[in-house]
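Asks: Below: one structure in structure tokens.
All of the numbers you see were taken from the coordinates with simple rules; none came from a lab. Since we're looking at a predicted model, the values are computed, not measured. Cβ atoms come from the backbone with ideal geometry, glycine included; neighbour counts cover every protein chain shown.
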């Protein structure tokens, strides 16, 4: 049975295979050809797309590598002329004085008012000070007393000198008689002592003269002091100027003041005005005495006043790093007034030439501040620069350029050192408008 089963199974399989071949015939070659062509087309299409993308990337890379941007070129400007600098300032009177009373009394006369122009020595007010006048009279009378005492002391000196001479003569006689035996030695000794007494009296008289002379000198000083105070009853102008403040009227009581109270008048000298201005550190070195300055007032645009730097603080203020400077401006016609806000323009000589470029030419990147300079072969060279002054549309460089280089305006972001550029055909090389 074991041998019969395999044969039987073999017969069954053979019959099944015969049945399959009979029901599913072999596909035609066209189908295989169509499938092959379709698969080949898909592969070819994919390969073509890949080749297109590769070609496009290679072309883009070549364009990037060989890209020559079109740029506008500006010519850097070398500035050697003085720096024009305009700063705010304020006019100040050349001289200012607050007039106080130096004599106590009442205002008897007032000759000026606010706005009055005065000359040196003009009478402003007269103060009536009877107490001071009587003190002056008393001091003069006392001076006469001490002068009389001096004369008396001098007369006493004369009398003492005569007494000394008489004592000498009497002593000489007594000494002669005592030597001849006509006079006793006691009388001689008494006359000798009398000479010493009279000499002491003479020295006392001389001392009295010195004391009287000292009293006279002291009293003369008192008289002169009171005389000076009485002269202050006439208050006069210390210099030519204009009265800017008046605080007294006729009849007002004024007291001799040491300058801590309210002044009677304030006077300003305005034929020459000081213009106070703070000069920044950037140009402070070039601002020296004698430098010309132009002063203008916003309310008088048609007027320009010429002055000169007259003085400065030399040292800069530590808080603002500015130099306190004063410009003297002649003001004979009186158009300028103290306390005005003005614009002061200096022409400060440069310590060295500086290059000015448009601010659009600056490149800010990880390397710092640069500008793109175009060479003769239209290749770009990136130069490191530092800014000295910024004018907004233009900047003045401290270093990096020598002047008159061709620089790229608005350089592209991908511009690199050594890159070629093409100057726009309609772009004319322009000078940077960089006047400060």
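Asks: Please list the equivalent ellipsoid semi-axes of the chain, computed as the square roots of five times the alpha-carbon gyration tensor eigenvalues, in descending order and whole angstrom.
Replies: Equivalent ellipsoid semi-axes, largest first: 120, 34, 26 Å.
Asks: Determine the principal axes of the Cα atoms in the stretch 130-232, then give the extent along each, sorted from largest to smallest and rounded to whole angstroms.
Replies: Ordered largest first, the stretch 130-232 gives principal extents of 77, 14, 13 Å.
Asks: Right, something else. With an 8 Å cut-off on Cα pairs and a minimum separation of 6 or more residues, tell me the relative contact order of the stretch 363-414 in percent.
Replies: 31
Asks: Continuing with the same structure: Along Cα→Cβ, 7 Å out, is where each label goes; now give me the distance between the ones at residue 377 and residue 225 in nm to one decimal.
Replies: 9.6
Asks: On a 0 to 90 degree scale, rounded to 10, what angle separates helix 130-180 from the longest Cα axis of the chain?
Replies: It works out to around 50 degrees.
Asks: May I pose another question? How high is the relative contact order of the chain, in percent, with contacts defined as C-alpha pairs under 8 Å that are six or more residues apart?
Replies: 25
Asks: Now a separate question. Taking the chain as the reference, fit the longest principal axis to its C-alpha atoms, fit the long axis of helix 4-23 to the helix C-alpha atoms, and give the angle between the two in degrees, 0 to 90, nearest 10.
Replies: So the helix axis and the longest Cα principal axis differ by about 80 degrees.
Asks: Write down the percent of antiparallel bridges among all DSSP beta bridges whose residues are both part of the chain, to the nearest 5.
Replies: 95
Asks: What percentage of all Cα-Cα pairs in the stretch 196-249 are separated by more than 18 Å?
Replies: 65
Asks: Restricting things to Cα coordinates, could you compute the convex hull volume per residue of the stretch 255-326 in Å³?
Replies: 184
Asks: At 222 nm, what value in deg cm²/dmol follows for the chain if DSSP H runs of at least 4 each add -39500 (n - 2.57) and the sum is divided by all its residues, to the nearest 500?
Replies: The helix contribution divided over the chain gives -13500 deg cm²/dmol.
Asks: A further question on this structure: Based on the alpha carbons, how large is the Rg to Rh ratio for the stretch 35-120 when Rh follows Kirkwood?
Replies: With Rg and the Kirkwood Rh in hand, the quotient comes to 1.86.
Asks: Still on this structure, please answer the following. Would you kindly compute the Cα radius of gyration of the stretch 123-179 and its largest Cα-Cα separation (Dmax), both in Å?
Replies: 25.1, 85
Asks: Once label points are set 7 Å from the Cα along Cα→Cβ at both residue 34 and residue 398, what is their separation, rounded to one decimal in nm?
Replies: It is 8.4 nm.
Asks: How would you rank 204-217, 94-107, highest first, on the average number of other Cβ atoms within 10 Å across their residues?
Replies: 94-107, 204-217
Asks: Shape call for the stretch 230-351 from the C-alpha gyration tensor, a ≥ b ≥ c root eigenvalues: rounded (a/c under 1.5), prolate (a/b greater than b/c) or oblate?
Replies: The shape class here is prolate.
Asks: Evaluate the relative contact order of the stretch 130-232 (contact order divided by residue number), counting alpha-carbon pairs under 8 angstrom at least 6 apart; express in whole percent.
Replies: So the answer I get is 50 percent.
Asks: Between residue 332 and residue 162, what length comes free when the chain is fully extended (0.36 nm per residue of separation minus the Cα-Cα distance, one decimal in nm)?
Replies: That works out to 53.8 nm of additional length.
Asks: Still on this model: Mean shadow of the stretch 36-182, computed from the convex hull of its alpha carbons, in nm²?
Replies: 40.8
Asks: With the crude spin-label approximation of a point 7 Å out along Cα→Cβ, what separation in nm comes out for residue 44 versus residue 184?
Replies: Those two pseudo-labels are separated by 18.4 nm.
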